[in-house]
There are 2 protein chains.
Amino acid sequence: MIYPKSLENLIEFYKKLPGIGEKSAERMALATLDLPIEQIEDASTNLLEAKNNLKPCKICGHITDKDICPICSDDDRNKNIICVLEDSKSVFTFEKIGNFKGVYHVLGGLISPTEGIGYEDINLSSLLDRVEKLEHPELILALKSTIEGETTTLFIKKILENKEVIISRLSYGIPMGADIDYMDTITLDKALDDRKQIS
Amino acid sequence: MIYPKSLENLIEFYKKLPGIGEKSAERMALATLDLPIEQIEDASTNLLEAKNNLKPCKICGHITDKDICPICSDDDRNKNIICVLEDSKSVFTFEKIGNFKGVYHVLGGLISPTEGIGYEDINLSSLLDRVEKLEHPELILALKSTIEGETTTLFIKKILENKEVIISRLSYGIPMGADIDYMDTITLDKALDDRKQIS
């Protein structure tokens with residue numbers, strides 16, 4: 001065995017995290033050992049705390065350390081506008097923009113027939129319950145433009161077609177600052193479809 | 001605050017590690033929460049264990065959970081051949097090759113006049129002590145080809161010039177499989193200097 005046992009364990013732990021290979025894990029583990037003992041103790045305690053305290057918000061499914069997340073319990077947010085996202089990571093991204101004043105609904109996955117993930121496997125029925133209770137609900141479906149994302153978007157649109165609810169999706173198009181000639185044809189095609197009149 | 005406190009702490013911890021930015025740290029922290037509780041408990045315990053148990057080998061300075069590392073205490077290794085390396089990471093890399101049957105000496109840094117790191121700040125005097133005790137010592141200096149690496153190499157060569165010791169350095173040259181026309185001129189120049197006759 002090349003590594004001392006506890007270093008090996010640390011490397012193996014880091015390798016479980018996304019995007020971390022053997023070499024990065026080794027580098028991170030050695031860097032960890034260089035941190036002051038107080039920071040290591042804090043990290044050790046916090047790992048358990050995070051795992052034990054964080055759970056999905058009972059309303060929107062976003063990760064939180066309360067029963068109801070700060071967004072859902074914020075009286076200044078418009079509860080009638082629900083932005084539907086795949087995961088909590090996307091909520092953080094939206095919150096960093098800081099412009100959206102509605103609330104969220106985190107699906108925790110996307111419908112995927114090929115992977116056997118059906119609508120009942122994701123956090124969808126609670127979305128319908130939420131919509132039912134609102135007077136003028138508006139849904140913004142902000143799911144990625146893969147087959148799974150499109151399937152989920154279409155499914156949500158379908159089950160809500162008899163309800164009084166405004167449904168939109170994010171626009172497709174050229175990312176800001178990107179060169180047109182470097183764009184793939186599907187994106188260009190979508191950007192053409194979604195073109196906006198210049199007023 | 002966008003993140004729940006314990007998630008924020010976890011993200012801040014990961015951001016202290018090399019090569020981990022905001023976005024990766026966030027992704028890693030969320031992935032951490034998806035790990036089973038047993039793995040989190042193990043990681044939490046192991047973090048402290050690693051920090052408390054791992055220390056430099058009393059002979060070579062390589063990181064170990066014993067007083068003397070397994071390499072220095074291995075009777076099958078040739079104690080007369082010492083490969084001098086900057087850090088423990090390099091020892092692991094050499095051990096993965098598996099061909100080197102000598103022992104190591106980890107400097108834990110390189111001499112750097114610009115950063116004010118002198119020979120007394122790195123693990124050098126113990127190297128001289130080791131060399132003194134050997135009958136036919138051979139040193140392989142495997143330090144990187146930066147100013148700091150070269151300075152350290154030259155310094156070691158200098159202080160040992162009156163001793164009976166064979167000193168070599170790794171060869172410089174073209175990395176295996178690399179295109180000649182993509183090589184920088186300094187490397188090419190070194191490869192020319194270090195050229196080997198084909199026998």
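The values are calculated or read from the model by the stated rules, or taken from the named source; none is laboratory data. Small disclaimer: the values here were computed from a predicted structure and weren't measured. Cβ sites come from the backbone with ideal geometry, for glycine too, and all protein chains shown count toward neighbours.
Some values worked out for this structure:
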read-out: Single residue of the range B:19-40 satisfying the filter (in contact with a helix residue (DSSP H, G or I) (Cβ under 9 Å, 6 or more places away or on another chain) and small (Gly, Ala, Ser)) that is surrounded by the most Cβ atoms within 10 Å (Cβ to Cβ); value: B:ALA29
read-out: Subset of the range A:13-27 [assigned to a helix (DSSP H, G or I) and either at the interface with another protein chain (Cβ under 7 Å from one of its Cβ atoms) or charged (D, E, K, R) (or both)]; value: A:PHE13, A:LYS15, A:GLU22, A:LYS23, A:SER24, A:GLU26, A:ARG27
read-out: Residues of the range A:90-106 that turn out to be in contact with a helix residue (DSSP H, G or I) (Cβ under 7 Å, 6 or more places away or on another chain) and either in a loop (DSSP other than H, G, I, E, B) or of a type outside the set (A, V, I, L, M) (or both), as a count; value: 4
read-out: Positions within the range A:28-38 being under 19 Å from B:GLU12 (Cβ atoms), facing chain B (nearest Cβ under 7 Å) and not in a loop (DSSP other than H, G, I, E, B), in sequence order; value: A:MET28, A:ALA31, A:THR32, A:LEU33, A:ILE37
read-out: Of all residues in the range A:52-85 being part of a loop (DSSP other than H, G, I, E, B), without any contact (Cβ under 8 Å) to a residue 12 or more places away in the chain and under 17 Å from the mean Cα position of the chain (by Cα), the one that is nearest to the other protein chains (Cβ to nearest Cβ); value: A:LEU54
read-out: Filter result (outside any helix (DSSP H, G or I), over 22 Å from the mean Cα position of the chain (by Cα) and over 30 Å from B:HIS136 (Cβ atoms)) within the range B:147-199; value: B:GLY177, B:ALA178, B:ASP179, B:MET183, B:ASP184, B:ILE198
read-out: Qualifying positions in the range A:94-123 - more than 15 Å from A:GLY149 (Cβ to Cβ) and free of Cβ contacts under 8 Å to residues at least 24 places away in the same chain; value: A:LYS96, A:ILE97, A:GLY98, A:ASN99, A:PHE100, A:GLY116, A:GLY118, A:GLU120, A:ASP121
read-out: Number of the condition not met by A:GLU49 [criteria: (1) more than 13 Å from chain B (Cβ to nearest Cβ); (2) over 30 Å from A:GLU150 (Cβ atoms)]; value: (1)
read-out: Which listed residue, of B:ILE111, B:ILE159, is more than 14 Å from chain A (Cβ to nearest Cβ) and either within 27 Å of B:LEU54 (Cα to Cα) or among the acidic types (Asp, Glu) (or both); value: B:ILE111
read-out: Criterion: buried (at least 16 other Cβ atoms within 10 Å of the Cβ), at pLDDT 95 or above and of a type in the set (Lys, Arg) - qualifying residue of A:LYS16, A:LYS89, A:LYS51, A:LYS58; value: A:LYS51
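Here is a yes/no grid of residues against (1) under 19 Å from A:LEU139 (Cα atoms); (2) in contact with a Pro (Cβ under 8 Å, 6 or more places away or on another chain); (3) modelled with pLDDT of 95 or more; (4) basic (Lys, Arg):
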position	(1), (2), (3), (4)
A:LEU7	no, no, yes, no
A:LEU10	no, no, yes, no
A:ILE40	no, no, yes, no
A:ALA43	no, no, yes, no
A:ILE82	yes, yes, yes, no
A:PHE94	yes, no, no, no
